[in-house]
1. Say R0 is 60 Å: what FRET efficiency, to the nearest 0.05, do A:ALA451 and B:LYS214 get from their beta-carbon distance?
2. In straight Cα distance, which lysines are under 29 Å from A:LYS433, not counting same-chain residues fewer than 8 positions off?
3. Within a Cβ distance under 13 Å of B:GLY204, other residues only, what is the Lys/Arg minus Asp/Glu net charge?
4. Which whole-number percent gives the relative contact order of the stretch A:171-306, counting Cα pairs below 8 Å spaced six or more residues apart?
5. Packing-wise, with mean Cβ within 10 Å as the measure, how do A:426-434, A:463-471, B:357-365 rank, highest first?
6. Return the sequence-ordered ³J(HN,Hα) values of the stretch B:439-453 in whole Hz as given by the Karplus equation 6.51 cos²θ - 1.76 cosθ + 1.60 applied to θ = phi - 60°, using x for Gly and Pro.
7. Taking only DSSP H segments of four or more residues, each worth -39500 (n - 2.57), what value at 222 nm results for chain B once the sum is divided by all its residues, to the nearest 500 deg cm²/dmol?
8. Regarding the stretch A:34-125, what are the three Cα extents along the principal axes, ordered largest first, in Å?
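Here, each number is a calculation from the coordinates, and none is a lab measurement. What you see is a predicted model; the values in this text were computed from it and never measured. Here Cβ is always computed from backbone atoms with ideal geometry, including for glycine, and neighbour counts include all displayed protein chains.
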Amino acid sequence: MRRLSIETPDRAQQVVQDLCRDMGHRVAANPPGLCPVDLALNFLRLCHAQTCGKCVPCRIGLSQLETLIESVLDQTAPEGTIDLIESTAAAIADSADCAIGYEAAAMVLEGVRGFREDYELHAKEGRCICSLKQPVPCVTVCPAHVDIPGYIALVREGCFQDAVDLIRKDNPFPYSCAYVCEHPCEKQCRRRLVDDAINICGIKRYAVDHCGDEAPPAPAEATGKRIAVVGGGPSGLTAAYYLQLMGHSVTVFEQRERLGGMLRYGIPDYRLPPEVLQKDIDYILKTGVEVRTGVCIGTDIQVEQLRRDYDALYVAIGAHADKKLGLPGEDSENVLSAVEFLRDCGEGRPLDFTGKRVVVIGGGNVSMDATRTAIRLGAESVTCVYRRRIDDMTALPEEIEDAQAEGCQILPLQAPHRIEADENGKVAALWTKPQIIGSYGRDGRPGPRDAAEREFRIPCDYLIIAIVQRIESDNFEKGGIGTSRGALKADLSGYVPGTPNVFAGGDAVTGPATVIRAVAAGKVGAANIDSFLGYSHTIRCDVQIPPARLSNTPPCGRIQLKARNPLEARGDFALATCGMTEEEAMQEAGRCLRCDHFGYGIFKGGRTSQW
Amino acid sequence: MVNVTVNGKAVAVPEHTTILEAAKAAGVDIPHLCYLKGLNEIGACRVCCVEIEGERNLVPSCNNPVFEGMVIRTNTPRVRSTRKINVELILSQHDCHCATCLRSGNCHLQNIANDLGILENPYPRDLVTGVRALWPRDFPLYRDTNKCIKCMRCIQVCDKVQGVNVWDLSGTGSRTRVDVSHNRRIKESDCVLCGQCITHCPTGALRERSDTEKAFAALADPDRITVVQIAPAVRAAWGESLGLPPEKATVNRMAAALRALGFDYVFDTSFSADLTIMEEGTEFLQRFKAGDTKYQPMFTSCCPGWVRYLKGHYPDMTARLSTAKSPQQMFGAVVRNYLSKKLGVEPGRIFSVSIMPCVAKKAECDLPTMHTEAGRDVDLVLTTRELVRMIRSEHIHPETLAEESFDSILGPYSGAGVIFGATGGVMEAALRSAYYLVNGRNPPPEAFTAVRGAADGTPGWTEAEFDLGGSTVKTAVVSGLGNTRKLLEAVRAGRVHYDFVEVMACPGGCAGGGGQPHSPNDEELAGSRGQLLYGIDKGSALRFSHENPAIQALYREALGAPGSETAEEWLHTDHLGWDMPAQRRESE
């Protein structure tokens, strides 16, 4: 008789663990547009399978909730059922003995309160507020709705130029996005149900790295309409490109010397080489878009004048101004905002950090850009200070990993408190208050609070604040464009209410966001300006999409882009990540499940061939 | 060409051919259920799945192209067992009371289940019950959710061919089903009742409201005088599901069958098609000369599906319709007012029935505007399918009946009236008589064949220009509402200009109407049926509506001239006198 034994999971347990992992992937890749009540019911069923059966609320209560919700879905629920669901769930959440019960009930409660109108519609009308709209998850989730399965199929067949042309139907920045897109498309990739998301961004990069340089399509017959675009960033140039293709005559006004906006002045060269950005810009300009750089609207030309001189106006001025944190000592010398620091680099006037100690404040992608740029400028040390934990940083995980690999230190749970200057007024140190991570806030993230520790001093020669960006909207507000908390006010069509002919989009409307969202706003603006001017031009691409191969690749690892040796990469501004090899690109493209052909996509919504 | 092997037989087929079509080329029939060539190739039912050498899973053959060297097997144990299970699964959610289903014997699901020899279903029945299974019984279109197999054909034909988008999927997960789109109820929708969803449904999930019992009741009532009219397109299709070859399925044999059913008077709507030409043709010439068609055309008004569409989607253009009633309603008004006098009976004693290739006609005859002082124009509309069911129900065997002529007084009709049943026919008939009215002599009867529309559902429309007394009349003919929408948008944008436009809601016109028999092989029959009608016209002694002696007598004895006060009262209508249930919602 053994007194103790070493426990090893049996086969059934192992399989269940595998199934739990697969289920996790499945839930994470939940397609958009599903019935919330049906999902709530089936999550509840899963929860109930986890019950131990000891306590009453969990054992019986969850079961009764299932019956009640089912009756709502079957439209057999008597009056008052939804209230009964709510009170039952509240009682279970209040009285179940362990988390299995009370957390399950809390989820039901959150649902019945969060989408009660859907419960009611089911109960009364047998209808759902949601309709089945899950054709192609990547296309649905991409703000610009780029035909992703289409271009992946073209890459797989070796038609790289066609792939890039197809992308340009919805996004005239294929090069830039191939390098810096945050690829929301990968989040709900259906391939996650099999193994892992397709590396869509990496495949796009392979396509742009291997295609030729074709000329843009010829614009439609000239309409004689003149459109002014204010701001030569991704949003403005996207609108300009499509409007020019539609036959209108577009002039882009750019305040700085060169086009590109944040792509040029905000994103460092080691992520987006200027010559890559230039390919997108050159292609766009080949359509005949007129450009006037070095012109500041509101100073050199008034908004009213543009409104009068042009048939329509698209304002996409971005978010290029910085904001003070309000820390004591913030006006000390060598305290910079990330926006101006990165802009100076983009304009070819980088600071020399040789031998300097640099501190960066912030946890987003901009802070990572500043951190990794500082190290490339020769800094002796770069410390990124963040209020919360590393897990809570909003920067892409690979950016954080690369920054750390390149030798930056990330100092989490330190809240900037004050800035110490030396006798010459130069920054000498950042004082922080150590934090402890605490309860969850409304945003679903755990928030920090002051820890019972003493203030902490981080000596530095430069301090870069990468927290908030602001929109320089004053001149536009004076020009009759409404603002809300500093951002330009536009409706979902891009139209600025109360103006005769003004549309707006991009960071200037949304606040600092992503390139692809800026592009999407430009596309929306272009379509609606065209309609506003009384036209219905369409943008299309006649590339033939290859038929889907019958069987997809069996479970197979996702190809990740390889980083350069970080110790080498930290010394220059050359690209920090390497593109896929041909072998990698083909394997990765072969993993695509072709949701445009298999599943709902072939019935409805699989492909929008024009807009 | 691509070389493939189907069940061991080598065959070469053009590139992009589907597996299903390639198998057909090799003489192998792959069973399928949801597939409808060119319209619904979505692999939903999984009945057509086959084995492809080298592929992990079974592959649907309807929507995947062959590749070079493909080895296809359509009848392995794996294929057969999977196909059977998938059909059993479909059957578990299908109301299999075939004896009380009007599609029994002509149901794709029944055929496939029978072919597979399914005698028992291991899966328990899982039908929708309670309020979720309800459908209004008084609406001319009836849907039985428990017979729907979610093949999506109705959605596709309504979206892609008609562009009306009445149907959509509703709900998600296990409760996903077909229902009226945008969470609407059918009665509050903009359904035009074209019935194309019915003729493309593989099962009995969609049908017209069955009105045959009302007809039998009237026939059995000794106090009622039953009068029936037969629409032109019915003659081209009624024999199909009765097993009659076209040469046997003549309109005069149909007249005999209707008398056998007990109708007292049998007429042909082609007569009132001729009358329509007189009224609508005159109206057109007046409007044309007055400059009324300078910007927007006058549209024909004989298709109630089209009228519903225009009022639902482009209500601002309602006044562009001809004010002429449709031939069905004109016939009804003439029967009530003129025939009753001739017969010396109270108009109210007459029970006026029409046999139509159409579901929308059921709604049209119920419109509040469709009556005269003598009462409602038409009492009851039956589709071609309902006529066939009545004939079967009475065990009448038309092939044994001798052909009979129509009743006198309103019996004669011209070939021009007959071609109303095919796309382009109304326009052609109108132009023949308009030519006469302008020039005082008849044109050659074949002078206007250029307006005949495409009956195969091809995109676009037919346009033609004619000289009428020195002025050029621009005409267009369109069928199918998807095409119609494009034409209307072009007209509204000023990209095209026409004076006179004929619109038929169903592709190919009434010959392809939503009240016509189902094709057992999913063939689109509008074209061949239309050709039959044009053949009848060609063989007619009478080719011009204005030469119809019965029409001439009617004007002489009752109406006076086209457009007279009496003609206005009997034969014209106010399209603004009623509303569609809902304006079209902005599509998302």
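1. Numbers: r = 85 Å, r/R0 = 1.41.
With R0 = 60 Å, the Cβ-Cβ based efficiency is 0.10.
2. Excluding near neighbours in sequence, the set is A:LYS323, A:LYS324, A:LYS356.
3. Numbers: positive: B:ARG103, B:ARG143, B:LYS147, B:ARG207, B:ARG385, B:ARG389; negative: B:ASP95, B:ASP144, B:GLU208.
It works out to a net charge of +3.
4. 27 percent
5. Working: A:426-434: 19.6, A:463-471: 22.8, B:357-365: 28.7.
So the order, starting with the most tightly packed, is B:357-365, A:463-471, A:426-434.
6. Those phi angles translate into 9, x, 8, 7, x, x, x, 8, 5, 10, 5, 4, 7, 4, x Hz.
7. On the way: 19 runs with 174 residues, N = 588.
Calculated mean residue ellipticity at 222 nm is -8500 deg cm²/dmol.
8. 38, 24, 21
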